[in-house]
Each structure stands twice: as structure tokens, then as C-alpha cells.
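The values are calculated or read from the model by the stated rules, or taken from the named source; none is laboratory data. Remember, it's a predicted structure, so these values are computed and weren't measured experimentally. Virtual Cβ from ideal backbone geometry, glycine too; neighbours counted across all protein chains shown.
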Amino acid sequence: MRVVLSPRAEKQLKKLPKIAQIAAANKIRSIRDNDITVNEEKLGGYKNIYRVRIGDYRIVYRKMVGELYIVLIHHRKDVYLLLHRLFN
């Protein structure tokens, strides 16, 4: 499965603390490889949008055929407001 980061997600990833960047990269690899230990949750009200936790941060992504599109990587207090602004 191919992983594509949106420009916004790429910028947000670079702003995270180094330890959170490493954890996010590992979690993205786990999602890509369909690892069983990934606790993804489908977000209600959105089609094919999922989220996964990394401590205080969330990765929001869309699953497509053969592609994983990372929409947002942000702190949990702001991620859902940003998501609502993007898709509504």
C-alpha cells in the first residue's frame, strides 16, 4: 500500500517534537502494513476517514484502493476542529 501525505500533514509532522515524529512514522508504517495491533477507529460522519492515536496526537487518514492518504497529524485538542473545517 502506498502512503501519501497531504502538504498540511507533512508540515504538521515536521512541527512535532522529535519523539512524536518517530512514533508517528512507526504508526504510519504499521497502518500501511495492515498490522493487527493498530487501534484505528472510523470517524462518524465521514466516508473512509479513520484516526489512530499516538499519545496526545492523532493521525487522521483516508483509506483508498492501494493508497493511504494522511490528511492531518495534529494535537488531539485541535484535530477534530481542523477536520471539520477541511471537510465541511
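Rundown of residues vs (1) of a type in the set (Gly, Ala, Ser); (2) touching a Phe, Trp or Tyr at 6+ places or on another chain (Cβ under 9 Å), yes/no style:
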site: Ile31; (1), (2): no, yes
site: Tyr50; (1), (2): no, yes
site: Gly55; (1), (2): yes, no
site: Val60; (1), (2): no, yes
site: Val71; (1), (2): no, yes
site: Asn88; (1), (2): no, no
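Please go through the range 1-22 and pick out each residue that is touching a residue at least 12 places away in the same chain (Cβ under 8 Å) and either over 12 Å from the mean Cα position of the chain (by Cα) or over 18 Å from Leu72 (Cβ atoms) (or both).
Met1, Arg2, Leu16, Ala20
Any residue at all in the range 2-11 that is touching a Gly at 6+ places or on another chain (Cβ under 9 Å), in a strand (DSSP E or B) and at pLDDT 90 or above?
Start the filter on the range 2-11 by keeping residues that are touching a Gly at 6+ places or on another chain (Cβ under 9 Å), which leaves 2.
Right, trim to in a strand (DSSP E or B) and you get 2.
When the remaining residues are screened for being at pLDDT 90 or above, the result is 2.
Checked against the condition, which is being touching a Gly at 6+ places or on another chain (Cβ under 9 Å), in a strand (DSSP E or B) and at pLDDT 90 or above, the range 2-11 yields at least one hit.
Tell me, yes or no, whether the range 31-39 has at least one residue that is of a type in the set (Ser, Thr, Tyr), at pLDDT below 90 and either farther than 18 Å from Asp78 by Cβ or assigned to a helix (DSSP H, G or I) (or both). Before the answer, list the steps.
First, pick out the residues of the range 31-39 that are of a type in the set (Ser, Thr, Tyr): 37.
Now drop any that are not at pLDDT below 90, which leaves 37.
Keeping just the survivors that are either farther than 18 Å from Asp78 by Cβ or assigned to a helix (DSSP H, G or I) (or both) gives 37.
The answer is yes, given that some residue of the range 31-39 is of a type in the set (Ser, Thr, Tyr), at pLDDT below 90 and either farther than 18 Å from Asp78 by Cβ or assigned to a helix (DSSP H, G or I) (or both).
Please determine whether any residue of the range 58-65 is of a type outside the set (A, V, I, L, M), part of a loop (DSSP other than H, G, I, E, B) and farther than 15 Å from Arg8 by Cβ.
No - not one qualifying residue is present in the range 58-65.
In the range 1-29, how many residues are charged (D, E, K, R), more than 15 Å from Arg53 (Cα to Cα) and surrounded by 15 or more Cβ atoms within 10 Å (Cβ to Cβ)? Even if it seems obvious, please write down each step before you answer.
Of the range 1-29, the ones charged (D, E, K, R) are 2, 8, 10-11, 14-15, 18, 27, 29.
Filter again for more than 15 Å from Arg53 (Cα to Cα), leaving 2, 8, 10-11, 14-15, 18.
Applying the additional criterion that residues be surrounded by 15 or more Cβ atoms within 10 Å (Cβ to Cβ) yields 8.
Looking only at that region, the number is 1.
Does the range 43-57 contain any residue that is aromatic (Phe, Trp, Tyr), modelled with pLDDT of 90 or more, touching a helix residue (DSSP H, G or I) at 6+ places or on another chain (Cβ under 7 Å) and in a strand (DSSP E or B)?
Taking the range 43-57 first, the residues aromatic (Phe, Trp, Tyr) are 46, 50, 57.
Among the residues that remain, those that are also modelled with pLDDT of 90 or more are: 50, 57.
Cutting the leftovers down to touching a helix residue (DSSP H, G or I) at 6+ places or on another chain (Cβ under 7 Å) gives us 57.
Now narrow it down to the ones that are in a strand (DSSP E or B): 57.
For the range 43-57, residues aromatic (Phe, Trp, Tyr), modelled with pLDDT of 90 or more, touching a helix residue (DSSP H, G or I) at 6+ places or on another chain (Cβ under 7 Å) and in a strand (DSSP E or B): present.
Taking the condition of a type in the set (Gly, Ala, Ser), out of contact with any Leu (no Cβ under 7 Å at 6 or more places or on another chain) and outside any strand (DSSP E or B), does Ala20 pass? Show your work before the answer.
Details: of a type in the set (Gly, Ala, Ser): yes; out of contact with any Leu (no Cβ under 7 Å at 6 or more places or on another chain): yes; outside any strand (DSSP E or B): yes.
The answer is yes for Ala20.
Just to be sure I understand, how many residues within the range 29-48 are without any contact (Cβ under 8 Å) to a residue 40 or more places away in the chain, farther than 18 Å from Gln12 by Cα and under 13 Å from the mean Cα position of the chain (by Cα)? Walk me through how you get there before you give the answer.
Of the range 29-48, the ones without any contact (Cβ under 8 Å) to a residue 40 or more places away in the chain are 29-42, 44-45, 47-48.
Of the ones still in play, those that are also farther than 18 Å from Gln12 by Cα are 30-42, 44-45, 47-48.
Keeping just the survivors that are under 13 Å from the mean Cα position of the chain (by Cα) gives 30-32, 38-42, 48.
Number of matching residues: 9.
When the residues of the range 30-88 are filtered to those that are crowded, with 16+ Cβ neighbours inside 10 Å and of a type in the set (Phe, Trp, Tyr), which remaining residue is farthest from Pro7 (Cα to Cα)?
So the residue we want is Tyr46.
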